[in-house]
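I have placed the structure first, in the form of structure tokens, so that the comments after it can refer back to it.
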Amino acid sequence: MRAAERLLLAALCSVCQALQDGMLFPTESPSREVKDVSGLWIFRADESPERSRGFEQQWYKSPLAETGPVIDMPVPSSYNDITQDAQIRDFIGWVWYEKDVWVPARWIQDRGTRIVLRVGSAHYYSVLWVNGVKVTEHVGGHLPFEADISGVLRQTSGNQCRITIAVNNTLTLETLPPGTIQYMTDRSRYPAGYFVQNTNFDFFNYAGIHRPVLLYTTPKAHIDDITVETTFSDNIGLVSFNVSVLGSSKAAVKVTLSAQDGRCVASADGSRGVLKVTDVNLWWPYLMHENPAYLYSMEVQATAEDGQTDVYTLPVGIRTVKVTSTQFLINNKPFYFHGVNKHEDADIRGKGFDWPLVVKDFNLMKWMGANSFRTSHYPYAEEILQMADRHGIVIIDECPGVGIKDIRSFGNVSLAHHLTVMEELVRRDKNHPSVVMWSVANEPASEMPPEEKTVFADSLCSARQAPYVDVICVNSYFSWYQDPGHTELIGLQLNTQFDNWYGKYQKPIIQSEYGADAVPGLHSDPPMMFTEEYQKTVLQNYHNVFDQKRKEFVIGELIWNFADFMTSQSIIRVVGNKKGIFTRQRQPKAGAFLLRERYWRIANETGVLPTWARYPCL
Ligand code: BDP
């Protein structure tokens, strides 16, 4: 294991550099093809004591099945809950994935075609080989990475393509989230070489290839990145764009913006410029407008000297975001966040991307009248952001800076990596109209005096960060972690919390977490902790205060959590965290009905609802 850790750290250093290329979501177009190579892969965990056998024996050089026993593994999925083997569930170190795919012959033959291998995400540290040749490595578990594999394919065995991916879930003081590996040296209690992974976050450290693996093509001279920024004045929308093209220094760029009915509403030549849209349809959040989530379609064409044209189409929502000392404004109108915190988490698949789950979750959010969610505690799949764009669900986009509690995670290496991850996140998500805020970290111990080793922070924005942020997000668990059982104290304590933060910083506040565990089906009246009645009572007491303070400077409330989720095993978790208002299988607890009534009531007071949506449950 020590070797694996060493490998991990060495790689961290080599990858901590500024980003150069863009990371457009792969889509098909007249010039681009996409081939999804997710599905059934084969898998082998390196169970050698140092977890280094795979590298020593070069498992990437030959078919994985020739190196030893392999099992089937679905991609995307976490590997942890797929087998009946607790060792696989709790495995720490390198696991190996492999799949043989066919690459269309014309991709290989046409030397003007660029072939890219892209992994939506793999947790945490990955190395990729194609036909035994290393093509890239990536640090970080929640963002995509890719490699141009045209050269390798053309040099090796042509259109047969053996993809090998080694993934290591070890977390160190310098990863995001951080963790430590602890060796247990007391031989009367632990066998030789025994170690555990310690973390300071409250969700299971699911691992594996979590998002789709794709092959896609572009012409050699290709659109590498597009950045749009939008604003409007009266009925004129303005879309400034910046297109970067790689592989040609003189490509002619043309940009066309079309409305939903296909009408061209503006166009321009050149890689930078501003498009003017008359009678603009703004992008509005769900429940704030009769016609929310309006998306234009921006087609970018780049024609290189050789006459080849690359085409990429980007959905564009025209909207503005502003923050005053008491309000959050979308399109200059006050927006109140009534929403949820989520996790990418489900039975069997763990953190593996799953369309049925994504669509079900959006249906549930819309059912309960939620207009927003926070991607606690890491970036979610880009497909989820695209859904949010299309449904008008507003997103606070969080980086995986969670559980940063150890003083040793505040050094320069950690900082450099945190900056790289933020850059990767912004590069990926900057064009999504649904994303209105970046969250840099959850509950870091940033208030910690340098000499202290570990401190537990209660709020997402602790005092040292507050001067630098636009919105103060506070997590608190009155009557749960503080004064357990005493719901009668919530009113006083919550009022004090809000007044203190606002008094000190005069910035708008979101209650970014609050809640209580409820084991579904457990009841008591008067309420007791862990029952559905207790969860409801906590929520009601918080809501009373929110209703006073939202007239002043509180701009949102996000329940912790949307659904029950898996955690590591501990004496405070009964098969996971039960603060969901839905169970892990997405069935409502009593708290879900309470929130549903509340969110629709708030929407009816503050938004402009389409007639079909008026008072659906009041
Ligand atoms: C909060 C954390 C969240 C936990 C929650 C809890 O931000 O990740 O799951 O506590 O303990 O402080 O339920």
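The values are calculated or read from the model by the stated rules, or taken from the named source; none is laboratory data. Keep in mind it's a predicted model, so treat the numbers as computed, not measured. Here the Cβ is made from the backbone with ideal geometry for all residues, glycine too, and neighbour counts use every protein chain on show. Calculation scope for accessible area: heavy atoms of the full protein, side chains included, ligands and nucleic acids excluded. Shrake-Rupley method; radii C 1.70, N 1.55, O 1.52, S 1.80 Å.
Which of (1) open to solvent by 50 Å² or more (accessible area, probe 1.4 Å); (2) at pLDDT 95 or above; (3) more than 28 Å from the chain's Cα centre (by Cα); (4) not acidic (Asp, Glu) is the odd one out, the single condition Lys35 does not satisfy?
That leaves (3) as the condition not met.
Mind listing whichever residues of the range 478-521 are in contact with a strand residue (DSSP E or B) (Cβ under 6 Å, 6 or more places away or on another chain) and under 19 Å from Leu594 (Cα atoms)?
Answer for the range 478-521, where residues must be in contact with a strand residue (DSSP E or B) (Cβ under 6 Å, 6 or more places away or on another chain) and under 19 Å from Leu594 (Cα atoms): Ile490, Gln511, Ser512, Glu513, Gly515, Asp517, Val519.
For the range 471-491, give me each residue that is touching a Lys or Arg at 6+ places or on another chain (Cβ under 7 Å) and part of a loop (DSSP other than H, G, I, E, B).
Val471
Taking Tyr194, is it in contact with a Pro (Cβ under 6 Å, 6 or more places away or on another chain) and among the aromatic types (Phe, Trp, Tyr)?
Judged against the criteria, Tyr194 is not a match.
For the range 352-368, name all the residues that are part of a loop (DSSP other than H, G, I, E, B) and open to solvent by 10 Å² or more (accessible area, probe 1.4 Å).
Within the range 352-368, Phe353, Asp354 meet the criteria.
Which of the residues belonging to the range 208-226 are over 18 Å from Gln109 (Cβ atoms) and under 25 Å from the mean Cα position of the chain (by Cα)?
Passing the criteria: Gly208, Ile209, His210, Arg211, Pro212, Val213, Leu214, Ile223, Asp224, Asp225, Ile226.
With the condition kept exactly as written, say whether any residue in the range 580-594 is touching a Ser or Thr at 6+ places or on another chain (Cβ under 6 Å), hydrophobic (A, V, I, L, M, F, W, C) and in a loop (DSSP other than H, G, I, E, B).
Scanning the range 580-594, I find no residue that is touching a Ser or Thr at 6+ places or on another chain (Cβ under 6 Å), hydrophobic (A, V, I, L, M, F, W, C) and in a loop (DSSP other than H, G, I, E, B), so the answer is no.
Inside the range 81-106, can you point out the residues that are more than 12 Å from Ile42 (Cα to Cα) and surrounded by 23 or more Cβ atoms within 10 Å (Cβ to Cβ)?
Within the range 81-106, Gly93, Trp94 meet the criteria.
Taking the range 432-485 on its own, how many of its residues are at pLDDT below 75, within 11 Å of the ligand (Cβ to nearest atom) and not polar (S, T, N, Q)?
Residues meeting the conditions: 4.
Can you tell me which residue in the range 560-588 is nearest to Glu532 (Cα to Cα), limited to those that are away from the ligand (no atom under 11 Å from the Cβ) and surrounded by 24 or more Cβ atoms within 10 Å (Cβ to Cβ)?
Checked the range 560-588; the qualifying residue nearest to Glu532 (Cα to Cα) is Ile581.
For the range 403-417, state whether one or more residues are in contact with a Pro (Cβ under 6 Å, 6 or more places away or on another chain), away from the ligand (no atom under 16 Å from the Cβ) and touching a residue at least 60 places away in the same chain (Cβ under 8 Å).
yes
All but one of (1) touching a helix residue (DSSP H, G or I) at 6+ places or on another chain (Cβ under 8 Å); (2) farther than 22 Å from His210 by Cβ; (3) not acidic (Asp, Glu) hold for Gly307; which doesn't?
Exception for Gly307: condition (1).
Taking strands (runs of 3 or more DSSP E) that do not extend beyond the range 243-328, which have at least 3 residues that are over 16 Å from Thr230 (Cβ atoms)?
252-258, 264-269, 296-303, 309-316
Could you tell me which of the residues Val70, Val34 is closer than 30 Å to Thr113 by Cβ and aliphatic (A, V, I, L, M)?
Testing whether each residue is closer than 30 Å to Thr113 by Cβ and aliphatic (A, V, I, L, M) leaves just Val34.
If I go through the range 200-217 residue by residue, how many of them are touching a Pro at 6+ places or on another chain (Cβ under 9 Å), under 21 Å from His377 (Cβ atoms), part of a loop (DSSP other than H, G, I, E, B) and open to solvent by less than 60 Å² (accessible area, probe 1.4 Å)?
Number of matching residues: 4.
Residues that are within 16 Å of the ligand (Cβ to nearest atom), touching a residue at least 12 places away in the same chain (Cβ under 8 Å) and within 24 Å of His210 (Cβ to Cβ): does the range 353-360 have at least one?
No, every residue in the range 353-360 fails to be within 16 Å of the ligand (Cβ to nearest atom), touching a residue at least 12 places away in the same chain (Cβ under 8 Å) and within 24 Å of His210 (Cβ to Cβ).
If I filter the range 120-142 for residues that are farther than 28 Å from Ile42 by Cα, more than 16 Å from the ligand (Cβ to nearest atom) and open to solvent by 40 Å² or more (accessible area, probe 1.4 Å), do I get at least one hit?
No, the range 120-142 contains no residue that is farther than 28 Å from Ile42 by Cα, more than 16 Å from the ligand (Cβ to nearest atom) and open to solvent by 40 Å² or more (accessible area, probe 1.4 Å).
Filter the range 385-402 for residues that are within 9 Å of the chain's Cα centre (by Cα) and more than 11 Å from His432 (Cα to Cα); which is nearest to the ligand (Cβ to nearest atom)?
Across the range 385-402, the extreme among qualifying residues is Glu398.
Filter the range 493-529 down to residues that are without any contact (Cβ under 8 Å) to a residue 24 or more places away in the chain and outside any loop (DSSP other than H, G, I, E, B) and give me whichever is most open to solvent (accessible area, probe 1.4 Å).
Asn500
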